[in-house]
Amino acid sequence: MCGIIGILGNDPVAWRLVDSLRRLEYRGYDSAGIAVSEKAGVRRIRAQGKLSGLESEIRNNSEPKGTSGIGHTRWATHGGPTTRNAHPHKSGRVYIVHNGIIENFKLLKDKLTAKGAEFQTDTDSEVVAHMIDDALSQGASPRDAVASVLSKLEGAFAFAILFAGDDDLLIGARRGSPLAIGHGEGENYLGSDAIALAPLTNKVTYLEDGDWVVLTRQSVEIFNEDNQPVSRDVSFTQATTMMVDKGRHKHFMAKEIAEQPDVVGHTLAEYVDLAEMKVDFGERMPFDFNNINRLTITACGTAFYAGQVAKYWFEKYARLPVEVDIASEFRYREAPLSDGGLALVISQSGETADTLAALRYCKQHGQHLAAVVNVPESTISRESDLVLRTYAGPEIGVASTKAFTCQLTVLACLAIHAARQRGTMDEATERRLVGALSEVPRHMNTIFDGESHIDQVARQVAGARDVMYLGRGVNFPIAMEGALKLKEISYIHAEGYAAGELKHGPIALIDEEVPVVVIAPKDELFDKTVSNMEEVAARGAKVVLITDAKDVHSGGASVLETINIPAADSFISPFLFCVPVQLLAYHAAVFMGTDVDQPRNLAKSVTVE
Ligand code: F6R
């Protein structure tokens, strides 16, 4: 999603802005731009497409020398991804970059148009530049102009605003979308996350919702939504200053898939005592699962599928009723929540707008709040009572992989903890399950040994129009995750189904052209899954069977390819079966030549609804 950087510096700022934008690339974007204060006015340079386009524009247009400026990577919402619609937007002295959506922009634009304003873009954001400029032209100071405009806006936003003729002033504001202040030595900064600010400073203040800030090189004044001065903590960010690189891999996604044995191991080490073979949440747990009558899990996309896997674990082992909902649905459906329930949100970025809204809904309705989050300084982390971190490290590929398996790791440990506390699991079972979890990294490594075979299978899937994924029980969400991975990065239409649901409709789609990926762990549902495989094979489907069973007696059904994975305790099957489906999607996309790390239309951190 869009990225913001603002710098009040002491050196020429153009390339510093671009460096920070480069660090925000992982969020997904389709155009970029900067505005730099110069003696002669503000120089604005924008380009459609990747940052290399913006870099060429800067080189070809005599580089700006000014020392203060703002920059933006845009993920289009209102108006196409063109140079004209790229930020910064301007009106008179005002230059603005915006993340989020101004929901009442049409009304505001009509009012301004009636007063004679002329708009250069199709964006909602330009309206804000015009409104501030309008207030300035009526004699308001920049800070009063911004304060008056903020009160008229509806929706979600983070802004950085530059004023031509004042190269020692930057105003920022946040409502809904994240924004942080970076504190430097005789310099100050604004950034949409700590990763953007990391090369500039590790001293960061996260603005709270409704806050806005007036920055000069020497001063930082923060106001709340009632325009009262407030003080907010300065923290030392752990965001790495190193530019995360691809190592020996061709794509970040490949690197992140390969990192899973390590990062799952690191995450596990936080939550289990391997000497005793038991889960150990130390002093962190602020509530007792015996007092919790219901667990409500909300998340989006891949994180939602992690929640769906967790439902099987919590219900089976802890006998705790679980509801899992897509955050964008949950937040508006006015779900009744009884006092004392536990709301668990799952989010890699910790900034997903719908998940954050679901968390706030649960807070208003008296729930305990827990979050499984990868970015410790994110808004969701800061607003939760209990933060259970995943230790996946920065996930740069837009399609989530290692964050997912780390989420599963935390959720598996939490389910065991809940089961032990509620007395529904004995010590021996805990030891067995923790032992199985400790073997995940080793088994994952074995799966990588077969990657070249998965690559060959992926080439056969790559030409398909539709692909179906089937799974049962705890691996039904893995079927949906496999389908999501494939469609995200290869643009092949794919759906994941509960294998038993097949004959209630989807089987009508099956013909010789449709590969069906069957996820068949050797568990108590194995024979039923194999029966479903036979049903599709009998109708000509090209079956790709992923299994840990040694012999599959398929009753004569023809299987195009079998991907064998190591036999392991069925408790950890979602960890292991998700690796081949990730690799299948990855190699299909590479074969098809798509932009694997930044697939079209997608953003890494979805900070708008
Ligand atoms: C899929 C993917 C998305 C995210 C979803 C939630 O590969 O990455 O579906 O899982 O947008 O994002 P977070 O976890 O940041 O809340």
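The values are calculated or read from the model by the stated rules, or taken from the named source; none is laboratory data. Keep in mind it's a predicted model, so treat the numbers as computed, not measured. Methodologically, a virtual Cβ is constructed for each residue, glycine included, from the backbone with ideal geometry; neighbour enumeration extends over all protein chains shown.
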Restricting region 524-538 to residues that are in contact (Cβ under 8 Å) with a residue 40 or more places away in the chain and surrounded by 18 or more Cβ atoms within 10 Å (Cβ to Cβ), the one farthest from LYS503 (Cα to Cα) turns out to be LEU525
Scan of region 253-307 for residues that are within 30 Å of TYR361 (Cα to Cα), without any contact (Cβ under 8 Å) to a residue 40 or more places away in the chain and of a type in the set (Gly, Ala, Ser), ordered by number:
GLY282
What is the one condition in (1) part of a loop (DSSP other than H, G, I, E, B); (2) free of Cβ contacts under 8 Å to residues at least 24 places away in the same chain; (3) over 20 Å from the mean Cα position of the chain (by Cα) that ASN601 does not satisfy?
(3)
Selection within region 20-42 - touching a Ser or Thr at 6+ places or on another chain (Cβ under 6 Å), hydrophobic (A, V, I, L, M, F, W, C) and in a strand (DSSP E or B):
ALA32
In the list VAL518, VAL544, VAL467, which residue meets the criterion of being surrounded by 22 or more Cβ atoms within 10 Å (Cβ to Cβ), more than 29 Å from the chain's Cα centre (by Cα) and either on the phi > 0 side of the Ramachandran plot or β-branched (Val, Ile, Thr) (or both)?
VAL544
Has region 572-585 got any residue that is in a helix (DSSP H, G or I), more than 25 Å from GLN456 (Cα to Cα) and not assigned by TED's automatic domain parsing to the domain that holds TRP75?
yes
Being outside any loop (DSSP other than H, G, I, E, B), in contact with a Lys or Arg (Cβ under 6 Å, 6 or more places away or on another chain) and either within 10 Å of the ligand (Cβ to nearest atom) or closer than 26 Å to GLY482 by Cβ (or both): is that true of VAL324 here?
yes
Name the single residue, out of those in region 571-609 being within 23 Å of GLN308 (Cα to Cα), among the β-branched types (Val, Ile, Thr) and at pLDDT 95 or above, that is nearest to the ligand (Cβ to nearest atom).
VAL581
Name the pairs whose Cβ atoms lie under 7 Å apart, with the first residue in region 335-364 and of a type in the set (Asp, Glu), the second more than 13 Å from the ligand (Cβ to nearest atom), and 6 or more positions between them or separate chains?
ASP339/GLY366; ASP354/ARG331
Could you list all residues from region 92-137 that are surrounded by fewer than 24 Cβ atoms within 10 Å (Cβ to Cβ), assigned to a helix (DSSP H, G or I) and β-branched (Val, Ile, Thr)?
THR113
Which residue pairs have Cβ atoms under 8 Å apart, sit 6 or more places apart or on different chains, and have a first residue in region 431-456 that is touching a residue at least 12 places away in the same chain (Cβ under 8 Å) and closer than 24 Å to ALA269 by Cβ and a second that is outside any helix (DSSP H, G or I) and among the β-branched types (Val, Ile, Thr)?
VAL434/VAL272; VAL434/VAL279; LEU437/VAL272; SER438/VAL272; HIS443/ILE565; THR446/ILE565; ILE447/ILE565
Matching residues in region 67-91 - criterion: being under 25 Å from SER137 (Cα atoms), touching a residue at least 60 places away in the same chain (Cβ under 8 Å) and in a loop (DSSP other than H, G, I, E, B)
HIS87, PRO88
Matching option when the condition is over 27 Å from the mean Cα position of the chain (by Cα) and either within 29 Å of SER573 (Cβ to Cβ) or assigned by TED's automatic domain parsing to the domain that holds PRO574 (or both), among ASP288, ASP339, ASP280, ASP325:
ASP280
Reported set for region 384-393 where residues are farther than 20 Å from LEU369 by Cα and within 12 Å of the ligand (Cβ to nearest atom) is ALA392
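Given the options VAL372, VAL410, name the one that is in contact with a Leu (Cβ under 6 Å, 6 or more places away or on another chain), under 22 Å from LEU576 (Cβ atoms), at pLDDT 95 or above and within 10 Å of the ligand (Cβ to nearest atom).
So the residue among VAL372, VAL410 that is in contact with a Leu (Cβ under 6 Å, 6 or more places away or on another chain), under 22 Å from LEU576 (Cβ atoms), at pLDDT 95 or above and within 10 Å of the ligand (Cβ to nearest atom) is VAL372.
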The conditions are (1) within 16 Å of the ligand (Cβ to nearest atom); (2) surrounded by fewer than 20 Cβ atoms within 10 Å (Cβ to Cβ); (3) not polar (S, T, N, Q), and HIS365 fails exactly one of them. Which is it?
(1)
Report yes if some residue within region 546-557 is in contact (Cβ under 8 Å) with a residue 40 or more places away in the chain and away from the ligand (no atom under 16 Å from the Cβ); otherwise report no.
no
One residue is enough: does region 265-284 have a residue meeting the conditions modelled with pLDDT under 95, within 16 Å of the ligand (Cβ to nearest atom), out of contact with any Gly (no Cβ under 8 Å at 6 or more places or on another chain) and more than 24 Å from ARG175 (Cα to Cα)?
yes
Could you say which residue among VAL398, VAL461, VAL434 is crowded, with 21+ Cβ neighbours inside 10 Å, away from the ligand (no atom under 13 Å from the Cβ) and more than 23 Å from LEU342 (Cβ to Cβ)?
VAL461
Just to check your reading of the model, which residue among GLY505, GLY496 is at positive phi and not hydroxyl-bearing (Ser, Thr, Tyr)?
GLY505
Here the residues within region 51-66 that are surrounded by fewer than 18 Cβ atoms within 10 Å (Cβ to Cβ) and either in contact (Cβ under 8 Å) with a residue 40 or more places away in the chain or not assigned by TED's automatic domain parsing to the domain that holds ASP166 (or both) are GLU63, LYS65
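Quick check: anything in region 381-391 surrounded by 21 or more Cβ atoms within 10 Å (Cβ to Cβ), assigned to a helix (DSSP H, G or I) and under 16 Å from the mean Cα position of the chain (by Cα)?
No, because not a single residue in region 381-391 is surrounded by 21 or more Cβ atoms within 10 Å (Cβ to Cβ), assigned to a helix (DSSP H, G or I) and under 16 Å from the mean Cα position of the chain (by Cα).
Kindly provide the set of residues from region 301-330 that are out of contact with any strand residue (DSSP E or B) (no Cβ under 8 Å at 6 or more places or on another chain) and basic (Lys, Arg), ordered by number.
LYS316, ARG319
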